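Structure, as structure tokens:
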Amino acid sequence: MTAGPSPSACADAFRDAYGHEPEGVWIAPGRINLIGEHTDYNDGFVLPVALPHALAAAAARRTDGVVRLRSRQSGEEFATRTSDLVPGSVPGWAAYPAGALWALAESGVRIDGLDLMVDSTIPSGTGLSSSAALTCATVLAAAHTHGASPDPARVAVLAQQAENGFVGMPCGIMDQSASMLATAGHALFMDTRSLETEQVPFDLAGRGLALLVVDTRAPHRHVDGAYAERRRSCEEAARVLGVPALRDVTAEGLPAALEALPDAVSRRRVRHVVTENERVLETVALLRSGDVHRVGPLFTASHASMRDDYEITVPEVDTAVDALLAAGALGARMTGGGFGGCVIALVEAQERESCLEAVRAAYRERGFAEPAGFTALPAQGARRVV
Ligand code: ADP
Ligand code: MG
């Protein structure tokens, strides 16, 4: 079984839909974030890994100014003219690839037209960043078919602009950077202020460990509005504290910062961001020294902070984390923006099935929908495959 999409099946679907050959197939993976949640829009630190689950995009340039967008995961086809690609003009899923073309055009690449077919194995809307894979793969495909070759970090920025400026999702840079820059066997340590990155070895198999990903199947509730609200409250707290971003509040400076804030909610938000940045740095230090086991408690502390201070968890997520820890996981936490989505756990390799079964049992007891689970090894970032 392979977790990624089949490039040849994507190319076949392209041919069936458009009646001509694609010029290539590009692949961009989904990601999970090991630790560092809601830190990216605070200029802080993140530590994602790419998943073997990915999105393939087959594409060919057109010369008549027409853009046609199709997905094997959606019945909605979309067609427009390049000159009509303006924010707000494209509904539904097609806003993501249309936004990618718009961002590329804004950066100065002349888009003559495009036929695009995408095919993905990344479950969508579960916090594994299917949207970033979609925009990254589209930027890559459109750039390459138009003779441009932006470097991977630049593609990530353009893909982020697609979500921010075209789709209207005020996300940070983490998801796109992970999809573009991650390498197999490593976690991507990123300073989202300087955009500096470091590939940190993340050797699970060598330590007898596994990373279990549990899709809680909890429906996302009010996720966009709540995300924007968290972001606003961080910006407001930074303004009150007189710093450019919450990244500039250190662990030592935290007590004084909390004193200076006017209300309990913003104190909780700031405490999450500051302690979460610290946990990312501690995790990176442990991974650099090969102490993978000791990362577990940092996962668990991160989860408590998201639950109690950032208030972005839901009962399904908390239940999964509690069940995993009770079943012997070394650490567990929600990953992604929150309000549902996925939970990750660091587990002894031989205990992955019993840990997942513990979540299933806890869900049955509470009447929650059956969760899905898989183990993942850190995979390679985006690339051209055909
Ligand atoms: P996530 O990025 O965590 O998966 P988002 O809500 O940010 O969740 O993005 C999910 C959206 O991305 C979907 O609602 C859809 O519009 C779009 N999308 C992702 N993958 C595909 C795909 N294969 N085909 C069509 N649209 C997709
Ligand atoms: Mg997304």
Go through the stretch 342-361 residue by residue and tally those that are more than 20 Å from L298 (Cα to Cα) and either of a type outside the set (V, I, T) or exposed (fewer than 14 other Cβ atoms within 10 Å of the Cβ) (or both).
-> 8
Under 6 Å between Cβ atoms, at least 6 apart or on separate chains: pull out the pairs that start in the stretch 112-138 with a residue that is closer than 21 Å to D12 by Cα and end on any residue that is near ligand 1 (Cβ under 10 Å from one of its atoms) and modelled with pLDDT under 95.
-> I122/L128
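For the stretch 331-383, enumerate the residues that are more than 22 Å from the chain's Cα centre (by Cα) and under 23 Å from D291 (Cα atoms). Give the steps one after another, and end with the answer.
Initial filter on the stretch 331-383 (more than 22 Å from the chain's Cα centre (by Cα)): 348-370.
Result: E348, A349, Q350, E351, R352, C355.
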Filter pass, R333 being open to solvent by 10 Å² or more (accessible area, probe 1.4 Å) and either among the β-branched types (V, I, T) or in contact with a helix residue (DSSP H, G or I) (Cβ under 8 Å, 6 or more places away or on another chain) (or both) = no
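May I ask you to list the residues in the stretch 1-42 that are free of Cβ contacts under 8 Å to residues at least 60 places away in the same chain and either assigned by TED's automatic domain parsing to the domain that holds I122 or within 16 Å of ligand 1 (Cβ to nearest atom) (or both)?
In the first step, residues of the stretch 1-42 are kept if they are free of Cβ contacts under 8 Å to residues at least 60 places away in the same chain; the result is 1-2, 12, 15-16, 19, 21.
The answer is D12, R15, D16, G19, E21.
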Would you please list the contacts, defined by Cβ atoms under 8 Å and residues six or more apart or on different chains, that run from a residue in the stretch 362-386 that is within 20 Å of V200 (Cβ to Cβ) and open to solvent by 100 Å² or more (accessible area, probe 1.4 Å) to a residue that is outside any loop (DSSP other than H, G, I, E, B) and of a type in the set (A, V, I, L, M, F, W, C)?
-> L377/A205; L377/L211
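Please pick out the residue among A148, A156 that is assigned by TED's automatic domain parsing to the domain that holds L104, at pLDDT 95 or above, open to solvent by 10 Å² or more (accessible area, probe 1.4 Å) and within 30 Å of V67 (Cα to Cα). It would help to see each step written out before you state the result.
Values: A156 fails: open to solvent by 10 Å² or more (accessible area, probe 1.4 Å).
Among A148, A156, only A148 is assigned by TED's automatic domain parsing to the domain that holds L104, at pLDDT 95 or above, open to solvent by 10 Å² or more (accessible area, probe 1.4 Å) and within 30 Å of V67 (Cα to Cα).
The values are calculated or read from the model by the stated rules, or taken from the named source; none is laboratory data. Since we're looking at a predicted model, the values are computed, not measured. Because the Cβ atoms are built from the backbone with ideal geometry, glycine has one as well, and the counts that use them run over all protein chains shown. Side chains are part of the model used for accessible areas, which takes the heavy atoms of the whole protein and leaves out ligands, DNA and RNA. Shrake-Rupley method; radii C 1.70, N 1.55, O 1.52, S 1.80 Å.
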